[in-house]
1. Could you name every one of the helices (runs of 4 or more DSSP H) located completely within region 48-138 that has at least 2 residues being polar (S, T, N, Q) and assigned by TED's automatic domain parsing to the domain that holds Arg320?
2. Test Lys250 against the stated conditions and say whether it is touching a helix residue (DSSP H, G or I) at 6+ places or on another chain (Cβ under 6 Å) and surrounded by fewer than 19 Cβ atoms within 10 Å (Cβ to Cβ).
3. Out of the residues in region 292-332 that are in a helix (DSSP H, G or I) and aromatic (Phe, Trp, Tyr), which is farthest from Ala187 (Cα to Cα)?
4. Quickly run through region 183-201 and pick out the residues that are at pLDDT below 90 and in a helix (DSSP H, G or I).
5. Can you tell which of Pro78, Pro121 is at pLDDT 95 or above and farther than 24 Å from Ala190 by Cα?
6. Sort through Ile256, Ile234, Ile173 and tell me the only one that's under 30 Å from Gln302 (Cβ atoms), out of contact with any His (no Cβ under 8 Å at 6 or more places or on another chain) and either at pLDDT 95 or above or not in a loop (DSSP other than H, G, I, E, B) (or both).
7. Return yes or no: is Asp39 at pLDDT 80 or above, acidic (Asp, Glu) and not assigned by TED's automatic domain parsing to the domain that holds Pro124?
8. Do we find that Arg293 is touching an Asp or Glu at 6+ places or on another chain (Cβ under 7 Å), surrounded by fewer than 19 Cβ atoms within 10 Å (Cβ to Cβ) and without any contact (Cβ under 8 Å) to a residue 60 or more places away in the chain in this structure?
Amino acid sequence: MTIRGTRRSLRSVARQGVLALAALAGLAAHAPATLAAADFPAKPIEFWIPFPPGGPTDGSLRTLVAAAGKELNQRVVPINKPGAGATLAAQVMSQTAAPNGYTLSMVASNIFRMPHLQKTPYDPLKDFTYIIGLTNYRYGLVVRADAPWKTLEEFLAHAKANPGKVTYGAVGIGSSGHISMEKLGKATGAKFTFVPYKGGSEEMMALLGGDIDAVLDPGWGQYAVAGKVRPLAIVGDARFPRFKDVPTLKERGYDITASSLVGIVGPKGMDPAVVKALHDAFYKASQDPAYLRSLEAIDLEQVHLSSEAYAKFAAEQYERERAVVRQLDIRF
């Protein structure tokens with residue numbers, strides 16, 4: 001072989017080596033995501049709760065994540081991040097967390113309402129990955145057991161005769177409880193004064209302490225059983241199983257209902273394999289007997305929405321909330 005031929009042969013080998021290295025580099029570029037999904041979870045998962053510690057939802061969710069951790073063979077760590085009408089946790093997560101499945105947040109239906117009430121730093125249709133729908137909040141209007149109003153009609157008559165003097169609490173501005181009370185006021189001509197709270201335990205302590213006159217929210221069942229509050233009306237399509245003697249607002253002539261789907265979301269752009277692993281683990285955890293007992297204690301209705309069904313629900317709920325806000329003509 002001539003020297004020139006030898007050089008051509010060496011250049012050909014070099015080119016082949018470069019191509020081989022490029023191919024290996026391409027495989028390496030795809031490997032981390034694949035390996036990450038296969039090994040998920042390789043470290044503890046943060047689960048952000050949009051309420052202060054100690055409330056009824058907080059306690060139920062802590063039971064759920066403990067069960068989910070067993071399914072995932074990894075710790076799921078509950079972290080409380082209250083604020084912004086129980087939307088702060090999801091807001092911060094959408095802006096700061098990597099879409100790797102290690103940061104999740106609980107959300108309720110007000111996450112779809114807030115963008116229609118005020119400018120928000122998130123878009124619920126673009127900035128979240130929907131993992132699983134779990135439960136429905138069931139709402140009721142309650143007063144203290146020693147309040148002078150024994151019926152809904154007495155309560156409304158007093159509010160109409162004393163505009164703005166009857167105060168009520170709900171978790172956050174723009175929450176389902178807040179919106180429902182606004183609807184009730186418009187339907188009856190009564191004027192209430194709204195006091196927002198960060199969580200259910202905080203608002204119930206305010207009610208029992210005499211700081212407010214009423215609460216329209218879920219999670220009051222244990223206080224009613226203990227004889228500390230008196231439910232005046234159920235704000236739903238049907239009476240509660242535990243409180244069958246308490247009528248709905250519909251039964252009293254007001255076509256007003258409230259429900260709020262509780263679910264789990266992650267940041268946008270999550271690996272579908274990781275989403276499936278999380279969905280399956282939380283679905284199995286939702287059948288845990290301790291978790292089911294915690295739902296009964298606070299009158300939550302168990303549901304199940306797959307990741308695909310939850311994303312579809314989100315798009316539909318976003319439009320429903322837009323219509324409600326337009327009808328009430330409110331902004332904050």
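1. 56-72, 88-96
2. no
3. Selected residue: Tyr310.
4. Gly200, Ser201
5. None of the others qualify; the one that does is Pro78.
6. Testing whether each residue is under 30 Å from Gln302 (Cβ atoms), out of contact with any His (no Cβ under 8 Å at 6 or more places or on another chain) and either at pLDDT 95 or above or not in a loop (DSSP other than H, G, I, E, B) (or both) leaves just Ile234.
7. Yes.
8. Answer is no for this residue.
The values are calculated or read from the model by the stated rules, or taken from the named source; none is laboratory data. Treat the numbers as computed from the prediction; the structure is a model and nothing was measured. Cβ sites come from the backbone with ideal geometry, for glycine too, and all protein chains shown count toward neighbours.
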